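Here's the structure, in structure tokens; my notes come after.
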Amino acid sequence: MSKEYDYLFKLVIVGNSGVGKSSLLMRYSDDTFNDTYLATIGVDFKFKTVSLDGKKVKMQIWDTAGQERFRTITSAYYKGADAIVMVYDCSHHASFDDIDNFWINEVESYADKDVEILLLGNKCDLKSEKAVEERTAKDYAHKKNMEFFEVSAKTADSVHEAFNVVARKLIEKKKAKIREKMGKNGGSTNTSTAGGNDTRASVTTEEDSKVKLGGGNAQEEPGFLDRLKENRCCQ
């Protein structure tokens, strides 16, 4: 029986409300786009499995709400993430300013210290409305040691490339840790990353009704997302 995947990684998408986080997730996971804007309530997630360099990579991608009232909920999901995807709107300079004013501080406060960070400037198709120069964002990303892409969820421009670049970096990081562990153990260790052996996995199947807030040691709360989405009194 062939294994379901070789690597399993957790990614979390953050950024201001309206920058297109959900649209990017839909474009990457399902290759679809919807012009209708629906604000994410709390958190949502999807799985995406891709073949990269002969390996099956399964990514569990969390889409978080950008509204201020949900930010305390969002911060709980940073723990155990292998990568954080920070998104701004190329046509809205304030959303880029808030990457440095707020979101990078959240990542540094709550995410693991070795987390990979990807900066995406969404809506690059709106060329006549562009408010953030690509060079400005690229220089900022370089200073913060992030990968950077201008993308468009609407046209699909560079979306798959951006996520796949990060996936490859995570694979290399995983391999480096395995080599380091083998060196410490004199060359003997279990290097399997498939099935249930990946300790970084936080959700095992898409149909699971239990959600873990972080990595493998996080506590489960049955039906958390369902209750959160039904509880609209806080809107």
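FYI, it's all coordinate maths here, none of it is from the lab. What you see is a predicted model, and the numbers here were worked out from it, not measured in a lab. No Cβ is skipped: glycine too gets one built from the backbone with ideal geometry, and neighbour counts run over all protein chains shown.
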### Query
When 149, 102 are ordered from fewest to most other Cβ atoms inside 10 Å of their Cβ, what list results?
102, 149
#### Entry: Gain on full stretching of the segment that runs from residue 161 to residue 109 - 0.36 nm per residue minus C-alpha separation
15.9 nm
### Task
Take 126, 119 and order them by how many other Cβ atoms sit within 10 Å, fewest up front.
126, 119
### Query
residue 131 versus residue 56, label points 7 Å from Cα toward the beta carbon: distance in nm?
4.4
### Query
What is the order of 168, 135, fewest Cβ neighbours within 10 Å to most?
135, 168
### Task
Please give the contour-minus-distance gain from residue 172 to residue 31: 0.36 nm per residue of separation, less the Cα-Cα distance, rounded to one decimal in nm.
48.2 nm
